[in-house]
Amino acid sequence: MKLNWGNYLIMGMGAFMVFIISMGVYMFAQTKDDYDKQYYEKGINFDQDFNRGKQVYADRAVPKVSFDAQNMLVQFAAPAKGKLRFTRAADRRMDKLFPVECIKAADPVIIPLTAFAKGPYKLRVEWQSNLKQYLYEQDITIK
């Protein structure tokens with residue numbers, strides 16, 4: 001069989017169509033957990049979160065995060081009440097939320113590491129202290 005330019009054109013279009021169809025199948029086979037379902041709500045509240053984040057540095061209230069053998073320690077600059085949110089980019093089911101109430105600034109909040117899978121997390125600390133709202137975010141790795 002002799003091939004001319006018309007046959008090559010049809011084969012090229014066929015190969016391109018197979019490529020496009022396979023990319024469509026691949027796209028629909030992906031998990032739906034790849035995007036943030038609260039995207040719009042977070043966009044609306046961005047200014048409030050930004051101001052709370054600036055307030056942390058203005059008041060020098062950055063919480064100190066440290067690790068020992070079995071626990072994570074979070075120490076606040078002043079008495080605080082709020083929450084610690086650990087988010088895992090790999091799987092939303094591994095996210096954790098811990099309520100926090102620190103009566104004395106010298107007492108650290110102790111979070112046991114046994115509740116976590118090893119790997120990277122984003123720590124989001126939201127708290128209220130001295131009638132001010134604060135927000136602090138930090139990337140951590142649990143080993």
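The values are calculated or read from the model by the stated rules, or taken from the named source; none is laboratory data. Bear in mind the structure is a predicted one, so any value in this text is a computation, not a measurement. Every residue, glycine as well, gets a Cβ built from its backbone with ideal geometry; the counts of neighbours run over all protein chains shown. For accessibility, only protein heavy atoms count, side chains too; no ligands or nucleic acids. Shrake-Rupley method; radii C 1.70, N 1.55, O 1.52, S 1.80 Å.
Evaluate the following for LYS96: is it surrounded by 11 or more Cβ atoms within 10 Å (Cβ to Cβ) and of a type in the set (Lys, Arg)?
Yes: the conditions hold for LYS96.
What are the residues in region 52-99 that are of a type in the set (Lys, Arg), more than 18 Å from the chain's Cα centre (by Cα) and within 22 Å of ILE142 (Cα to Cα), if any?
LYS64
What's the number of the condition GLN55 fails, among (1) open to solvent by 50 Å² or more (accessible area, probe 1.4 Å); (2) touching a residue at least 40 places away in the same chain (Cβ under 8 Å); (3) not in a helix (DSSP H, G or I)?
With (1) open to solvent by 50 Å² or more (accessible area, probe 1.4 Å); (2) touching a residue at least 40 places away in the same chain (Cβ under 8 Å); (3) not in a helix (DSSP H, G or I) applied to GLN55, the lone miss is (3).
Specify the residue that is nearest to the chain's Cα centre (by Cα); the eligible residues are those in region 100-117 that are under 17 Å from LYS64 (Cα atoms) and open to solvent by 80 Å² or more (accessible area, probe 1.4 Å). So that I can check it myself, show each step before the final result.
The initial filter retains those residues of region 100-117 that are under 17 Å from LYS64 (Cα atoms), namely 100-113.
Now drop any that are not open to solvent by 80 Å² or more (accessible area, probe 1.4 Å), which leaves 101, 103-104, 110.
Details: GLU101: 23, ILE103: 28, LYS104: 29, ILE110: 21 Å.
Restricting to residues being under 17 Å from LYS64 (Cα atoms) and open to solvent by 80 Å² or more (accessible area, probe 1.4 Å), the top hit is ILE110.
Please count how many residues of region 55-72 are among the hydrophobic types (A, V, I, L, M, F, W, C) and closer than 22 Å to ASN130 by Cβ.
5
Could you go through region 32-40 and let me know if any residue there is loosely packed, with under 11 Cβ neighbours inside 10 Å, in contact (Cβ under 8 Å) with a residue 40 or more places away in the chain and over 12 Å from LEU135 (Cα atoms).
Within region 32-40 (the criterion being loosely packed, with under 11 Cβ neighbours inside 10 Å, in contact (Cβ under 8 Å) with a residue 40 or more places away in the chain and over 12 Å from LEU135 (Cα atoms)), the answer is no, since none of the residues qualifies.
Please verify whether LYS83 is over 27 Å from THR31 (Cα atoms), at pLDDT 95 or above and open to solvent by 40 Å² or more (accessible area, probe 1.4 Å), treating the condition exactly as stated.
Details: over 27 Å from THR31 (Cα atoms): yes; at pLDDT 95 or above: yes; open to solvent by 40 Å² or more (accessible area, probe 1.4 Å): yes.
Criteria met by LYS83.
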